[in-house]
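What follows draws every value from the coordinates through simple rules; no lab data is involved. These numbers were taken from a predicted model, which means no experiment stands behind them. Positions of Cβ are backbone-derived with ideal geometry, glycine not excepted, and every protein chain shown enters the neighbour counts.
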Amino acid sequence: MRKFWVFTPFVAFLVMGVFLYKGLFMDPSKLPSALIDRPFPSFSLPSLYEPDQLMTEADFKGEVALLNVWATWCPTCKEEHEQLNKIGLREGVPIYGLNYKDDPQLARDWLQRYEDPYTKVVVDRDGRLGLDLGVYGAPETYILDSDGIIRYRHVGEVDEKVWQKLKGLMEIIAAEGEA
Amino acid sequence: MIPELGTFSTILALCLALILSVVPMVGAYTGNKLWVDYARPLAKGVFFFLTLAMALLAYSFQTDDFSVVYVAQSSNTNLPWYYKFSAIWGGHEGSLLLWVWIQAFWTLAVAIKSKNLPLDIVGRVLAVMGMITVAFLLFILFTSSPFERFLPNAPMEGADLNPLLQDFGLIVHPPALYMGYVGLSVAFSFAIAALLSGRLDAAWARWSRPWTNVAWAFLTLGIALGSWWAYYELGWGGWWFWDPVENASLMPWLVATALIHSLAVTEKRGVFKSWTVLLAISAFCLSLLGTFLVRSGVLTSVHAFATDPERGVFILGMLIFVIGGSLLLYAIRAGSVKSESSFALSSRESLLLVNNILFTVACAMVLIGTLYPLVMDALNLGKISVGPPYFNALFVPLMSLMVVFLGIAAFSRWKETPVSLLSSKLWLPGVLSVVAALATHWLYSGSIEFWVLLALLLSYWIVFTWGREYLTRLRIRKDWLANMTRQSRSYYGMLLGHLGVAVMIVGIAMVTVFVEHRDARMAPGDQLEFRGYTFIFDGARKVQGPNYVSDMARVRVLKDGQPFREMFPEKRKYTARSMVMTQVALDPGFTRDLYIAMGEELENGAWAMRLQFKPFVRWIWLGALLMTAGGLLAASDPRYRKQDKREAAERGSYA
């Protein structure tokens, strides 16, 4: 029995090594989400702008929109913020914010300093909603349709390339809704 | 000519290291004493030639020899001489040379200080250290030589050292950290030598204990210096960011901390032997991983591998060889190890096992949190950040639990400790901690914050439990002064280390909860008042430095309305790289720091200023210094040398 156990560190290392090595050369692939084509999980959480106001999943209905999971402690969020400003402020696309495991005061300071691309921001201070949503880490961006159904999920930074793809998807989803 | 001599010197060191890694090893196997005897002079030779190489590189820096690529990249004629010196380890190539030079230094230290160890063990240990040196020297010579030249056209001026690195903290931080990283290779080599020789007894634990303590002390110091540097140089006033680079140094520290405790059990009781060996191997492997992850740039982006495939492949190969090889050796040899004694559930052995498990789990958490974004990026699943919430949520409970057990351990005994004894000794310190924590907290702030209360409680718990244990020792005989001096240096080292933990916890909690900052637009004459201090901005003026121009502000500080001091934060522009740097003005104090950083220049001589009041922030580094002192004190305990001498004499008489 003992003879067997002493091999575990070596085997663990091999497995990790093979995985990492393969990973370095693997094809791009999508991250699946269990919630695709399901309604946005229900919640009741304060708004960032008016802490006394509670928001619910109904606030995310009405039009095809992006939902961006972000936090001030997340360097990648800062990198993508310019792009979000472009999408939200210059192109006028509605973006809902989900401020994830963050200090609301810091979040407000941040939006004041770097411009605010969001139409609404919900405060998920202890990460409960993030858990329901299956958030891996910040940032993540979702496409919601006008009924508040999650239609697409992107993990990681949104840059111009990703945005062009998301934009195409949003146009298709909007056309579906009208048809 | 000089840089070529540097290359030759490095090549000669490589040749000697090659012989060092083969001849004594073969000698140890065949029982050829003459061959093993080569180990010590070879270790000296490697050290000599690497010192020469370092000196030649230093010379190239001091004489502004910009025909050397590395010098041109990280120095400049206007750089002050001491930064020209520390610029040696300001980049990838030079810091690798520093790394391998320190490795040679440790090898030399083992060669000199191992007079009383069995010769075949000395041969094996030095040979393993020689192999590590060989691997690094090959890496340096084939992919990252600091002596490479621009020929025939050398630039007239160098690109200057990154201004972030032009600072005292960065002169001392890398050497201290590397002393720690590389020092763990001694414990690693002893472990490998013990596995190779098949003599995995308590003796190897005793031999490697003082070395591991010294390495751990330097690692602690190195991490603390890095944190201190980030605090005053980066201008945000943070002292720990859970940055991948920081995590890379924290992981070996966590495992090394487990190791120094586990070595104690293995030495005293002869149990956990294979576990301790595994920790020794892991600690050094994590150091290697840390060195390379930081230096290769893989942590900031996996694409570093792609941009420099030669280095990437070499690093991968070396990590697989060292980590895979040593774990395989462990798997083959450690299976037959038997414990020399048994212990009860309630015993010092069990408590130290808890320590080991908690530290290992903490390290695994940090490893997962650090590598996870990297794996995501590698799999092309996007760039994500795993932030402080993750690390804090896992780390704080783990360490709090650790401290609870640390207090209980004060009264534990080897083999078996009756629970009734523990509870009879622990209730008083427990009650005292609660009372003292509530009282201190109330006196300081007049309100109760959960985290501060918890931190104070844990700190007092350490102080009162270990204090009581110490007092018991003082009362053994009548003469308390004699009792005091009778305690060993290792014991005092342990007390200091644990006290350091208590001090650090206070610092962390106080500065996290009670920090106050103000971001303000300040025109000349404007005042700002908080926490009993008044800050008056007198305006900024231009100042010319050796290799920068700066806007230096003058801020007068009044305390309770009385003039207190003047502070001079700066915004420097380094000319060679036209990089703008914030130079923070600090008023350090035992119970609080005042911290002023300049932001952007606004209209009419006004500036955006950030003022911070940081209570007890110094305690964080004070705690680390206490731990460092504790580690060094424990390592200097004469009992290690006495015991080795006695055993050497016995071997001599039987021979």
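Here are a few things to note about the model shown:
- Mean residue ellipticity, 222 nm, helices only, chain B: the sum of -39500 (n - 2.57) across DSSP H runs of n ≥ 4, divided by residue count and rounded to 500, is -22500 deg cm²/dmol.
- Shape category assigned to chain B from the gyration tensor of Cα positions, a/c cut at 1.5: oblate
- Rounded to the nearest 20 debye, the dipole magnitude of chain B is 2680 debye, with +1 charges on Lys and Arg beta carbons, -1 on Asp and Glu beta carbons, and the Cα centre as origin.
- Between segment A:43-90 and segment A:122-154, the alpha-carbon centres lie 10 Å apart.
- Under the span-like rule (Cα at least 27 Å along the axis, Kyte-Doolittle mean at least 1.6), DSSP H helices of chain B: B:2-30, B:119-143, B:388-409
- Taking amide H positions as modeled 1.01 Å from N, with prolines and chain starts lacking one, the residues under 5 Å from residue B:158 and 5 or more places away or on another chain are B:77.
- Approximate shape of segment A:36-178 as ellipsoid semi-axes (Cα gyration tensor, √5λ), whole Å, largest first: 21, 18, 14
- Restricting the trypsin sites (Lys or Arg not before Pro) of segment B:75-119 to loop positions (DSSP other than H, G, I, E, B) with no more than 13 neighbouring Cβ atoms within 10 Å leaves B:115.
- Dipole of chain B, positive direction: furthest Cα of B:293, B:328, B:594, with charges on the beta-carbon: B:328
- Span-rule helices in chain A, defined as complete DSSP H runs reaching 20 Å or more along the axis (Cα) with Kyte mean at least 0.5: A:8-24
- Under the shape rule built on the C-alpha gyration tensor, where the axes satisfy a ≥ b ≥ c, segment B:90-232 is oblate, since a/c reaches at least 1.5 while a/b does not exceed b/c.
- Of the chymotrypsin sites (Phe, Trp or Tyr not before Pro) found in segment B:150-204, those that fall in a DSSP loop while having at most 15 other beta-carbon atoms within 10 Å are B:150.
- Residue order for A:40, B:411, fewest other beta carbons within 10 angstrom first, comes to B:411, A:40.
- Excluding same-chain neighbours fewer than eight residues apart, the lysines reachable from residue B:559 by a Cα-Cα span under 17 Å are B:614.
- Cα gyration tensor, segment B:321-411 - rounded (a/c under 1.5), prolate or oblate: oblate
- A protection proxy built from the mean count of other Cβ atoms within 10 Å ranks the segments B:211-222, A:85-96, B:95-106, most packed first, as B:211-222, B:95-106, A:85-96.
- Peptides ranked, highest mean first, by Cβ atoms within 10 Å: ranges B:537-544, B:508-515: B:508-515, B:537-544
- Viscosity 0.692 mPa s, 37 °C: Kirkwood-radius Stokes-Einstein D of segment B:167-390 over Cα pairs, µm²/s: 177 µm²/s
- About the Cα centre, charge dipole magnitude for the protein assembly as shown (Lys/Arg +1, Asp/Glu -1 at Cβ), debye: 4660 debye
- Within 10 Å of the Cβ of each residue in A:151-157, the mean number of Cβ atoms contributed by other protein chains is 3.
- Inter-centroid distance (Cα atoms) of segment B:70-138 relative to segment B:592-615, Å: 41 Å
- For the pair segment B:628-642 and segment B:22-39, the centres of their Cα atoms are 30 angstrom apart.
- Think of each Lys and Arg Cβ as +1 and each Asp and Glu Cβ as -1; about the Cα centre, that makes the dipole of segment B:399-514 roughly 640 debye.
- Violating pairs (Cα-Cα greater than 21 angstrom) within the set A:78/B:573; B:84/B:573; A:78/A:101: A:78/B:573
- Distance violations [Cα-Cα > 27 Å] among B:338/B:415; A:161/B:571; B:33/B:338; B:273/B:425; B:425/B:478: A:161/B:571; B:33/B:338; B:273/B:425
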